[in-house]
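First the structure, in the form of structure tokens, and then the observations on it.
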Amino acid sequence: MSLDLTRGAAVTAVSAALLISLGALPASAATVVATISVGALPVGVAVSPDGSLVYVTNLNSNSVSVIDADTQAVTATISVGARPHGVAFTPDGSTAFVTNLDSNTVSVITVATSTAASSIAVGQSPHDVAVTPDGSTAYVTNRASDTISVIDVAAGTTGTPIAVGDQPFGVAVSPDGAEAFVTNIGADTVSVIDTATASVVATIPVGPAPLGVAFAPDGATAYVTNHGNNTVSVIDVATRTTTSPITVGNSPWEVAVTPDGTTAYVVNLGPSTVSVVDLAAGATRGSEIAVQSGARAMAFSPDGTLAWVANQNSGTVSVVTIETPAVLADTDTLPTLVVGAPVTFRAAVSSGTPGADFAISDGALPAGLSLDTESGVISGTPTTAGDFEFTLSATNVVQTVTATYVGTVDVAPTPELAATGSAPWSLAMGAGAAGILLGALLLARGGRAHRSSIGRA
């Protein structure tokens with residue numbers, strides 16, 4: 001795509017137009033950088049709000065592995081209920097909730113001490129849990145009860161359960177906290193819960209065997225993995241309707257959206273891969289990312305640079321580096337360019353992850369200027385007046401972006417001469433006069449011509 005940003009009517013010292021365009025995406029933009037051994041059959045994963053900790057539920061170990069995100073090592077193992085499945089942190093990061101399938105409980109973990117402080121009785125076969133943005137309420141899907149348990153976080157108690165569709169599995173709360181979306185495996189639907197009234201206000205048909213659900217950061221769209229036909233349903237939250245589904249890998253389980261809202265990642269249990277979905281294009285991008293056997297769940301770090309994938313068959317967590325695109329801001333202006341005046345300029349660019357390499361991909365810099373290809377800094381002293389046009393490109397593994405600058409290098413201003421004081425007169429020079437020889441200056445006194453040199457060594 002391209003964006004035409006014309007800066008103003010007249011082209012004077014600099015800056016008439018700026019064009020930004022995006023290049024083609026490569027086959028893959030993410031890599032597995034580490035594999036961490038955890039407990040038996042890891043099926044759930046959550047990252048703390050500050051990004052420092054990763055909690056992994058181990059279904060066959062009745063435990064939660066605590067991973068230090070910086071060292072990427074397990075630092076603690078917390079005993080919880082029977083067959084732990086879903087996990088979620090409160091927004092302040094002080095507490096984590098874990099659903100226990102066979103105990104019909106939710107373990108309440110105090111994060112500071114890595115201990116399960118208490119447990120809360122819920123419905124039968126609780127699978128997933130999500131916490132509201134204000135931290136007041138947690139919603140738990142009870143697959144065997146066809147209900148949602150509503151937990152008062154402060155009190156540690158539940159209210160009246162909410163009846164939903166057949167076999168509720170996944171749950172996500174909208175960014176504004178107004179609604180909770182619940183996937184119903186047996187009904188091929190999503191139940192929409194109004195959190196203010198604790199009631200179902202809509203039911204949205206999706207694909208067969210829906211499992212995972214996630215909202216875009218702006219809350220306008222929700223995404224649902226359909227395990228039965230290898231697709232992701234795209235839901236317009238305002239209209240509660242679906243658009244064309246997106247085909248992903250075999251047996252998709254969970255879906256997560258990057259914090260910038262541009263990309264969704266889907267874990268595919270069958271091939272043990274992760275599909276990368278370009279949300280603007282509504283299609284997968286490049287090849288699937290291979291992880292360990294039995295990819296089941298995934299969560300992003302808050303900054304969107306890492307994904308943590310729980311692999312049930314291998315008892316591991318794959319750490320995936322998520323590359324981000326280089327972005328050139330659409331508000332750039334060059335500084336005023338004048339012959340003989342030094343200048344330093346760097347485009348307003350986020351070079352992405354990993355960082356971008358810079359180049360002049362079209363045209364040429366004004367004479368006297370040069371580009372640092374690593375930092376993107378343009379510097380030097382213009383030597384020639386006249387018009388210029390050049391295109392600056394920033395390229396990393398995700399994409400190439402370009403900005404085209406059109407403008408003029410001005411000539412140095414004419415020196416200003418002023419007579420001051422009484423005879424013999426002295427000369428006051430305006431800006432830019434250094435190094436200029438003044439000759440044949442006639443002085444009033446005596447009618448004789450004197451030569452004066454200003455700015456000589």
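Can you tell me how many residues within region 96-105 are outside any strand (DSSP E or B) and farther than 10 Å from Val43 by Cβ?
Initially, region 96-105 is screened for residues outside any strand (DSSP E or B), giving 101-104.
Narrowing the set further to residues that are farther than 10 Å from Val43 by Cβ leaves 102-104.
The number of residues fulfilling the criteria is 3.
Might you check whether a residue that is at positive phi, surrounded by fewer than 18 Cβ atoms within 10 Å (Cβ to Cβ), among the small types (Gly, Ala, Ser) and part of a loop (DSSP other than H, G, I, E, B) occurs anywhere in region 80-95? Steps first, answer last, please.
At the first step, the residues of region 80-95 found to be at positive phi are 83, 93.
In the following step, the residues that additionally are surrounded by fewer than 18 Cβ atoms within 10 Å (Cβ to Cβ) were identified as 93.
If we keep only those that are among the small types (Gly, Ala, Ser) too, we end up with 93.
With the extra rule that they be part of a loop (DSSP other than H, G, I, E, B), the set shrinks to 93.
Yes; the residues of region 80-95 include at least one that is at positive phi, surrounded by fewer than 18 Cβ atoms within 10 Å (Cβ to Cβ), among the small types (Gly, Ala, Ser) and part of a loop (DSSP other than H, G, I, E, B).
Just need a number here: residues in region 324-378 that are part of a loop (DSSP other than H, G, I, E, B), under 30 Å from Thr414 (Cβ atoms) and at pLDDT 90 or above.
Step one: list which residues in region 324-378 are part of a loop (DSSP other than H, G, I, E, B), which gives 325-326, 329-337, 339-342, 347-348, 351-352, 354-356, 364-368, 372-376.
If we keep only those that are under 30 Å from Thr414 (Cβ atoms) too, we end up with 333-337, 339-342, 364-368.
Narrowing further to those that are at pLDDT 90 or above: 337, 339-342, 364-368.
Number satisfying all stated conditions: 10.
Within region 223-244, identify whether any single residue is in contact with an Asp or Glu (Cβ under 6 Å, 6 or more places away or on another chain) and modelled with pLDDT of 95 or more, and answer yes or no.
Initially, region 223-244 is screened for residues in contact with an Asp or Glu (Cβ under 6 Å, 6 or more places away or on another chain), giving none.
For region 223-244, residues in contact with an Asp or Glu (Cβ under 6 Å, 6 or more places away or on another chain) and modelled with pLDDT of 95 or more: absent.
Which one of Thr203, Thr189, Thr262 is polar (S, T, N, Q) and more than 20 Å from Val129 (Cα to Cα)? So that I can check it myself, show each step before the final result.
Details: Thr203 fails: more than 20 Å from Val129 (Cα to Cα); Thr189 fails: more than 20 Å from Val129 (Cα to Cα).
Criteria check complete, one pass: Thr262.
Taking the condition in contact (Cβ under 8 Å) with a residue 24 or more places away in the chain, part of a loop (DSSP other than H, G, I, E, B), assigned by the TED database to the domain that holds Ile36 and surrounded by 20 or more Cβ atoms within 10 Å (Cβ to Cβ), does Gly170 pass?
no
Could you check region 293-304 and list, in sequence order, the residues that are within 23 Å of Phe169 (Cβ to Cβ), in contact (Cβ under 8 Å) with a residue 24 or more places away in the chain and polar (S, T, N, Q)? Before you say what the answer is, go through the steps one by one.
So in region 293-304, the residues within 23 Å of Phe169 (Cβ to Cβ) come out as 293-300.
Okay, now just the ones that are also in contact (Cβ under 8 Å) with a residue 24 or more places away in the chain, so 294-300.
Correct list: empty.
Here is a check on your reading of the model: is Thr258 in the same structural domain as Val276 (by the TED database), modelled with pLDDT under 95, touching a strand residue (DSSP E or B) at 6+ places or on another chain (Cβ under 9 Å) and surrounded by 15 or more Cβ atoms within 10 Å (Cβ to Cβ)? Reasoning before the result, please.
Values: in the same structural domain as Val276 (by the TED database): yes; modelled with pLDDT under 95: yes; touching a strand residue (DSSP E or B) at 6+ places or on another chain (Cβ under 9 Å): yes; surrounded by 15 or more Cβ atoms within 10 Å (Cβ to Cβ): yes.
Answer is yes for this residue.
Between a residue in region 226-243 that is assigned by the TED database to the domain that holds Ser191 and any residue that is of a type in the set (Phe, Trp, Tyr), which pairs come within a Cβ distance under 9 Å, given they are 6 or more apart or on different chains?
His227/Trp253; Val232/Tyr223; Ser233/Tyr223; Val234/Tyr223; Ile235/Phe181; Ile235/Tyr223; Val237/Phe181; Val237/Phe215
Which residues, taken from region 131-145, are crowded, with 21+ Cβ neighbours inside 10 Å and either free of Cβ contacts under 8 Å to residues at least 24 places away in the same chain or not in a loop (DSSP other than H, G, I, E, B) (or both)? Reasoning before the result, please.
Our first condition is that a residue be crowded, with 21+ Cβ neighbours inside 10 Å; within region 131-145, this holds for 131, 138-143.
Residues satisfying the conditions are Val131, Ala138, Tyr139, Val140, Thr141, Asn142.
What about Ala307, is it assigned by the TED database to the domain that holds Asp194, within 21 Å of Val56 (Cα to Cα), touching a Pro at 6+ places or on another chain (Cβ under 9 Å) and in contact (Cβ under 8 Å) with a residue 60 or more places away in the chain?
no
Looking only at residues that are surrounded by fewer than 19 Cβ atoms within 10 Å (Cβ to Cβ) and in contact with an Asp or Glu (Cβ under 8 Å, 6 or more places away or on another chain) in region 203-222, which one is nearest to Gly261 (Cα to Cα)? Even if it seems obvious, please write down each step before you answer.
First, pick out the residues of region 203-222 that are surrounded by fewer than 19 Cβ atoms within 10 Å (Cβ to Cβ): 203, 205, 208, 217-220.
So of that shortlist, the ones also in contact with an Asp or Glu (Cβ under 8 Å, 6 or more places away or on another chain) come out as 205, 208, 217, 219-220.
Details: Pro205: 24, Pro208: 25, Pro217: 6, Gly219: 10, Ala220: 11 Å.
It comes out as Pro217.
Does region 244-261 hold any residues that are free of Cβ contacts under 8 Å to residues at least 40 places away in the same chain, more than 21 Å from Val192 (Cβ to Cβ) and polar (S, T, N, Q), and which are they?
Thr247, Asn250, Ser251
The values are calculated or read from the model by the stated rules, or taken from the named source; none is laboratory data. On a predicted model such as this, the values are computed, not experimentally measured, just so you know. Don't worry about glycine lacking a Cβ; one is built from the backbone with ideal geometry, like all the others, and counts go over all protein chains shown.
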